[in-house]
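What follows is a short report on a single structure.
The values are calculated or read from the model by the stated rules, or taken from the named source; none is laboratory data. Only a predicted model underlies this, so the values are computations on that prediction, with no experimental measurement involved. No Cβ is skipped: glycine too gets one built from the backbone with ideal geometry, and neighbour counts run over all protein chains shown.
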Amino acid sequence: MHGYKKRDTLSAIGMLAPFMVFFLLFIIYPALKNVWYSFTNYNLNVDTWIGIKNYTRLLEDTTFIKAFKNTCIYAFVSVLSLTTLGFLAAALLSKGFRGVKWLRMLLIFPYATSMAAVSMIWLMMYDPNNGFINKALRAIGLMGEKWLFDESLALGCLIFVNIWKNIGYCMLIYLAGINSIPEELYEAATVDGAGEATRLFRITLPMVRPVAFFVLITTMVDAFKTFEQVQIMTRGDPLYATTTIVHQIYQYGFNEFRMGYAAAMAVVLLAIVMILTLINFRLNRSNESEVGIG
Amino acid sequence: MKKSKSDIVFRILSRLFILVLALSVAFPLVMTISVSLQTMNEIYSADPVIIPNKLQFENYANAMASGNWPRYFINSAIVTFFTVVISLIINSMAGFVFARIPFKFRDVLFVMILLGMMIPTQVTLIPVFTLLRNINIFGGGDSGLINTYTGLVLPFIAGSFGVFLCRQFYVSFPKELDDAAMIDGCGRFSTYVRIYLPLSGPVLASLGVLKFTGTWNEYTWPLVATSGDEMKTVQVALTGFRDEGEIYWNLLMAATLIAGLPIYVVFFFAQKHFVSGLLAGSVKA
């Protein structure tokens, strides 16, 4: 087809150029460059091609394997909790009762707060000596825990922070889905004698399945990118119990300046995120033809 | 009746769920405010203090005096301002092109932009760092654009989500608008400036609020791209409290609240745009 007007092409180039320059320079080029780095021993000075050595080393790096495992546990528990709790919160807060708007706003509040601030708040809560949680536990005669300093509890503590911060976001997305369910479905069910619980699990739940899937994928992608709370709250300690993939990238990239090796880790992360997002695109498309969400 | 009985149980359970949820979300926030108003003696005491004996408002002043906070705020404000303004201009223009102007390779380019949305910034962190380190123009020194405002802003304005958002918005405009503008002698660019831009309020508000929150709250890039106290943003400065020998929790919580203040103001007054931006990004039309 040669139906393009020259003038149109020229205006398109002119109007796209400002964005494309930044996009190519700071997203596409670095992404490709990162793949290149992953095959070198780049350390800010030299970058010699070393083939797949970085990748074979990854497979034997017990710390990276630990980080990978931690990230998977973090993602799995976060996603499971957020998709179910977010759904329940949205379903129960979708009906108008007094103060419901304020409740919704309260739940979104931590989401609007920066992860740095959220991390500080929870450092205060978890502090073994002066933190509120242990003070409250001791007040009722319990011992208290070492929380972030306890190898078996630290990762769970971080996961809880993640759920606390993001539950409002999940609720919002579910709410949009729930609000688009036709009211007649509920009326018909009520006439048939369905109780509230039946309506929740037989109508609302199946109708929001596409939304649930979206929430699942976004929270999972988000969890695989976990870094800030680790860097701020635990630095990956105790004994690497809370280190994650991105925390390892940061460690090798910016503390040890073994950037080639860090780049190989970044490629692993990129692959995971790409696969998850592509699954999302696919299913989003096939869902749209059946149920119009939007 | 059996049914109404199960309804009552359901109602009690659901109210209980909401209560527990609301309390667990609210409580840490309440404690943040509480601790920010306590004395260190109250913090060190074994009793869990919720309501401080005497509200220590001077904690806020002391927190701000414990570092170069006016400077951190100016840094964050400059970075956020330029990121938001430049993003809005270049994203809406590009969104218009993808929605309205037919040209060769348009679809290929658009797919590339969608792919670009998937690439996590954590993956491009190292190459972007080394790239900026090697740029010596636009006020770059020995370490290039690292530790400059330009270096902080540039990676933020490259994100392609805004282009996608604006395109989806403009696609829903009637095509007759363009035809009418053409008849009046408008070119593509003046059609955009005179007709589309004045109607872009809602999408630019949503995108603006999202960009504002995202940039102000960003931690990782400023952590990597700044060195020394001068260029620290608010978020990076905040986490510096943790590295001091003795943590003054009251000052830290005061600083935490002040650091979030611009976000809370925007969130409170523009909640609608915040929410609609999030939803526009999630539900693909």
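Structure data summary
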| read-out | value |
| --- | --- |
| Qualifying residue in the range A:224-238 (condition: away from every other protein chain (no Cβ under 11 Å), within 21 Å of A:I173 (Cβ to Cβ) and either crowded, with 19+ Cβ neighbours inside 10 Å or out of contact with any Leu (no Cβ under 6 Å at 6 or more places or on another chain) (or both)) | no |
| Qualifying positions in the range A:186-217 - in contact (Cβ under 8 Å) with a residue 60 or more places away in the chain, in a helix (DSSP H, G or I) and within 13 Å of chain B (Cβ to nearest Cβ) | A:L200, A:T204, A:P210, A:V211, A:A212, A:F213, A:F214, A:V215, A:L216, A:I217 |
| Unmet criterion (only one of (1) among the polar types (S, T, N, Q); (2) modelled with pLDDT of 90 or more; (3) over 26 Å from B:A259 (Cβ atoms)) for A:S78 | (3) |
| Single residue of A:K5, A:K53, A:K33 found to be touching a helix residue (DSSP H, G or I) at 6+ places or on another chain (Cβ under 8 Å) and more than 30 Å from A:E196 (Cβ to Cβ) | A:K33 |
| Residues (closer than 26 Å to A:W164 by Cα and exposed (fewer than 12 other Cβ atoms within 10 Å of the Cβ)) located in the range B:49-61 | B:I51 |
| Residue list for the range A:128-150, filter: within 10 Å of chain B (Cβ to nearest Cβ) and touching a residue at least 12 places away in the same chain (Cβ under 8 Å) | A:G131, A:I133, A:N134 |
| Of all residues in the range B:169-190 being assigned to a helix (DSSP H, G or I) and in contact (Cβ under 8 Å) with a residue 24 or more places away in the chain, the one that is surrounded by the fewest Cβ atoms within 10 Å (Cβ to Cβ) | B:V171 |
| Selected residue (only one of B:V209, B:V236, B:V266 is more than 7 Å from chain A (Cβ to nearest Cβ), under 16 Å from the mean Cα position of the chain (by Cα) and farther than 30 Å from B:S172 by Cα) | B:V236 |
| Test: B:Y248 is at pLDDT 85 or above and either closer than 30 Å to A:N280 by Cα or surrounded by fewer than 17 Cβ atoms within 10 Å (Cβ to Cβ) (or both) | no |
| Top-ranked residue of the range A:78-89 - restricted to ones that are touching a residue at least 12 places away in the same chain (Cβ under 8 Å) and within 11 Å of chain B (Cβ to nearest Cβ), ranked as nearest to A:I173 (Cα to Cα) | A:G86 |
| Hits in the range B:37-48 - residues which are more than 10 Å from every other protein chain (Cβ to nearest Cβ) and either exposed (fewer than 13 other Cβ atoms within 10 Å of the Cβ) or of a type in the set (G, A, S) (or both) | B:N41 |
| Residue in the range A:28-41 that is assigned to a helix (DSSP H, G or I), of a type in the set (A, V, I, L, M, F, W, C) and more than 10 Å from chain B (Cβ to nearest Cβ) present | no |
| Sole residue being facing chain B (nearest Cβ under 8 Å) and either touching a residue at least 60 places away in the same chain (Cβ under 8 Å) or over 20 Å from B:F27 (Cα atoms) (or both), chosen from A:L153, A:L92 | A:L92 |
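Here is a yes/no grid of residues against (1) assigned by TED's automatic domain parsing to the domain that holds B:E42; (2) without any contact (Cβ under 8 Å) to a residue 24 or more places away in the chain; (3) in a loop (DSSP other than H, G, I, E, B); (4) in contact with a Gly (Cβ under 8 Å, 6 or more places away or on another chain):
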position	(1), (2), (3), (4)
B:L204	no, no, no, no
B:V209	no, no, no, yes
B:F212	no, no, no, no
B:W216	no, no, no, no
B:K232	no, no, yes, yes
B:Q235	no, no, no, no
B:I258	no, no, no, no
B:I263	no, no, no, no
B:V266	no, no, no, no
